[in-house]
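Q: My structure is below; once you've seen it, I'll send some questions.
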Amino acid sequence: MIIADKKKIIKNQVIDLNKKDLKTNEELYNKDNYKEHSVSKKEMNSSNNNSEEIIIKNENENENEIIQEYVPKISSKIKILITGGTGLVGHALQKIIDISKYEPIFLSSKDCNLCDYEDTYQLFKNIHPTYVIHLAASVGGLFKNMNQKVSMYEDNTLINLNVLKCCHQFSVSKVISCLSTCIFPDKTSYPINETMLHNGPPHTSNDAYAYAKRMLEVHSKAYQEQYDSNFICVIPTNIYGDHDNYSLEDGHVIPSLIHKCYNSIQNNEDFVVRGTGKPLRQFIHSLDLAKLMLWSLESYEKKDPIILSVDPEDEVSIESIATIIAKTYDYEDRLVFDDSFSDGQFKKTADNTLLRSYLPDYEFIKIEDGLSKTIQWFIDNYDHVRK
Ligand code: NAP
Ligand code: GFB
């Protein structure tokens, strides 16, 4: 058993790339600064020694103020914008991205609301990214998808439209956008492969989110065909790991159950899992996904969507996930199922043959190891997690 009283556990110190980048980001993004002097040479030099010469043009010609214009100086580091950089997958990318090679900007909704086209345009105008990893989305588990269909459709449609439009307007050389295996047709043959994406309606529980994501693929393909843009989509299965959303209502099954079991112990109650526990899922750890997304950016040269998933044989039932979590908390005897709740889609078994054709020996983090680490992280960070 790895559980100890919360207070006794030493809080892990995580080197947070984000803080440094956000600072840069905010300076770059803040209109006043831009107008005044935007990031001064000294500040740029201090934050990254490959300084960019900045000359800013003031539109108000007749006031004869200083003529300034923004001219990026070629820096050895590649500027990469990660939208949704403060979420589950964004944090995993923070951990693994090579900052000697990349100048990453990890964006949060507090930096820029990507539902707003003007704000998105200004952001791109200030950052001029070479690459974009587009993760930002309104995301949630089965119950959020069932209960908040309008915002899941509208927010994701606006975010995706604005980001791709600006990627084109600012000549971004490569974009990796993130779909999800839940957007595949519900009635289909298994395992599901990339060619089946539009072969029928998705499961009703998440159709609003699914169609918004399908249109992201359609939009990317439109730019490919009309402008030969390198805008591609990756399709992960259910993801889990540190920095997830532990909301009991809106979260995905793994974070919700980790939080729920913790509460059950605190309150000496049964650990209630929603549904029958029979549905099947493939779970990829956020660190594996982050590595495979960087691989897609650097080495995947095709423009077709690609599934990023553990092997079909590693599909597990919700019951087995709940059991591993209960066992890890040493609380298995109190595990019960409440089938008055929806099971959602029974299964969405994904075929990763295309990925395996490139990375036949890639070793994924095993679900038991990944879960025990994620539970420990949850306890270590209980006070600060999204919940
Ligand atoms: P997450 O933890 O919920 O993080 C979402 C990120 O998007 C956060 O950084 C959030 O910023 C940002 N964001 C949300 N609305 C925004 C807005 N209006 N403007 C700007 N930024 C906004 O999501 P995730 O689980 O890492 O998911 C990453 C990607 O993977 C998403 O595209 C999702 O659809 C896809 N996906 C997820 C799963 C899964 O199981 N989690 C499975 C398949 C695919 P704040 O931090 O400021 O809120
Ligand atoms: O992770 P989850 O919400 O996503 O649920 P989906 C998976 C399964 O876990 C369902 C069961 O069969 C639920 O009935 N479950 C049991 C629970 N207890 C709980 C609980 O406390 N919370 C949650 N959330 N589930 C989502 C899509 O479907 O997959 C999203 O709706 C997204 O759009 C995501 O794509 C990856 O796998 O069912």
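The numbers here are math on the coordinates, done by the rules we state, and not lab data. Bear in mind that the values here come from a model prediction, so they are computed numbers and not experimental data. Here the Cβ is made from the backbone with ideal geometry for all residues, glycine too, and neighbour counts use every protein chain on show.
Q: Put a dot 7 Å past each Cα toward the Cβ at Tyr362 and Thr204; how far apart are the dots in nm?
A: Simple spin-label model gives 3.5 nm for this pair.
Q: Check which residues have an amide H placed less than 5 Å from Glu103's amide H, if you skip close sequence neighbours.
A: Amide H neighbours of Glu103, under 5 Å, 5+ apart: Ile78, Lys79, Ile80.
Q: Still on this structure, I have one more. Report, in debye and to the nearest 20, how large the dipole of segment 131-230 comes out about its Cα centre when Lys and Arg carry +1 and Asp and Glu carry -1 on their Cβ.
A: 120
Q: State the extension gain, in nm to one decimal, for the chain segment bounded by Leu248 and Asp369, taking 0.36 nm per residue of separation less the distance between their alpha-carbons.
A: Contour length minus the Cα-Cα distance gives 41.3 nm.
Q: Exposure proxy check: Glu225, Glu194, Glu319 ranked by fewest other beta carbons within 10 Å? Each step should come with its number before you reach the end.
A: Numbers: Glu225 10, Glu194 20, Glu319 17.
Lowest count first: Glu225, Glu319, Glu194.
Q: Of Thr157, Thr83, how do they rank once you tally other Cβ atoms within 10 Å and put the fewest first?
A: Listed from fewest to most nearby Cβ atoms, that is Thr157, Thr83.
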